[in-house]
């Protein structure tokens, strides 16, 4: 979702890191997000706690998530909504009412923060399954559950993503992958996508 539908990665990452360190204090992060087994908000925290020999309590994740959402709300109030990628709201609208295609959102973020960002950016997600790291720290499991929630058998699954971990997850699941953004040499506008 972040970087795929909404231009939010820079702020999202900054707020996530500041929320984690506000709750945990000075902790050592891995050099790159790709170094984590599960690049999701809950998956990173779990490995971060292990790496730093800290005990993970449910209240720890709750505290980090609360600070993170407060930061997102403040950002939206101060700077306005996160911009949607060009054509993203329109393609979601088309897919949402399609009788030929199904659409679900699989995000490595928390559901509360995902809904906050999507709604602020003008997405209508009524009736769209949204599966997040609240349900599993594993990106592939999040994706699998999202497809399952569509409630039908499909001939194929196509996933849009902006990061290498998205591409790897698609390879693992045997899904088609459409790269989004310049980092992967992908599409820069959903106007170029034809369904």
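We did not get these values from a lab; they are worked out from the coordinates using the rules stated. In this text, all values refer to a predicted model and were calculated from it rather than measured experimentally. No Cβ is skipped: glycine too gets one built from the backbone with ideal geometry, and neighbour counts run over all protein chains shown.
Rounded to the nearest 10 degrees, the angle from helix 41-51 to the longest Cα principal axis of the chain is 30 degrees.
How would segment 33-90 be classified by its alpha-carbon gyration tensor: rounded, prolate or oblate, with rounded meaning a/c under 1.5 and the a/b versus b/c comparison settling the rest?
Working: a/c = 3.46, a/b = 1.69, b/c = 2.05.
Oblate, since a/c reaches 1.5 and b/c is not below a/b.
The value of relative contact order for the chain, using C-alpha pairs under 8 Å at least six residues apart, is 23 percent.
With the simple model of a label 7 Å out from the Cα in the direction of the Cβ, residue 73 to residue 14 spans 2.0 nm. If you line up the long axis of helix 9-24 against the longest principal axis of the chain, both from Cα atoms, how many degrees apart are they, to the nearest 10? With rounding to tens, the tilt is 30 degrees.
Averaging over all projection directions, find the projected area of the Cα convex hull of segment 46-121 and quote it in nm² with one decimal place. Write down the numbers at each step before the final one.
Details: hull surface 28.3 nm².
With the hull built on Cα positions only, its mean projection is 7.1 nm².
So what's segment 117-156 giving for Rg/Rh, alpha carbon basis, Kirkwood Rh from the mean inverse pair distance?
Details: Rg = 11.8 Å, Rh = 11.5 Å.
On the Cα set of segment 117-156, Rg over Rh gives 1.03.
Expressed as an acute angle from 0 to 90° and rounded to the nearest 10, what is the orientation of the C-alpha long axis of helix 164-173 relative to the principal long axis of the chain? The angle comes out at about 60 degrees. The calculated FRET efficiency for residue 119 paired with residue 158, based on their beta-carbon distance and R0 = 22 Å, is about 0.35. Against the compact-protein benchmark of 2.2 N^0.38 Å, the Cα-based radius of gyration of segment 1-66 scales to 1.10. Taking 156, 138, 13 in turn, the Gaussian network model of the chain (Cα-Cα springs below 10 Å) assigns the largest fluctuation to 156. Shape class for segment 85-183: rounded, because the ratio a/c of the largest to smallest gyration tensor axis (alpha-carbon atoms, square roots of eigenvalues) is under 1.5. Here the scattering of the chain is modelled by Debye summation over its C-alpha atoms, one equal scatterer each and no solvent; at q = 0.08, 0.11, 0.12, 0.13 Å⁻¹ the log10 of I(q)/I(0) is -0.26, -0.50, -0.59, -0.70. Helical runs (DSSP H, four residues minimum) scored at -39500 (n - 2.57) apiece and divided by the length of the chain put the mean residue ellipticity at 222 nm at -14500 deg cm²/dmol.
Given the chain, what percent of its DSSP beta bridges are antiparallel, to the nearest 5? Walk me through the intermediate numbers first.
On the way: 1 of 9 bridges.
So the antiparallel bridges in the chain amount to around 10 percent.
Could you tell me which of rounded, prolate or oblate describes segment 1-112, using a ≥ b ≥ c as the square roots of the eigenvalues of the alpha-carbon gyration tensor, with rounded for a/c under 1.5 and, failing that, prolate when a/b is larger than b/c and oblate otherwise? It is prolate, given that a/c is not under 1.5 and a/b is the larger ratio.
Using a Gaussian network model of the chain in which every pair of alpha carbons under 10 angstrom is joined by a spring, one finds that among 135, 28, 119 the greatest mean-square fluctuation is at 28.
Structure remark: mean-square fluctuation, Gaussian network model of the chain, C-alpha springs under 10 Å; the largest value among 108, 80, 43 belongs to 80.
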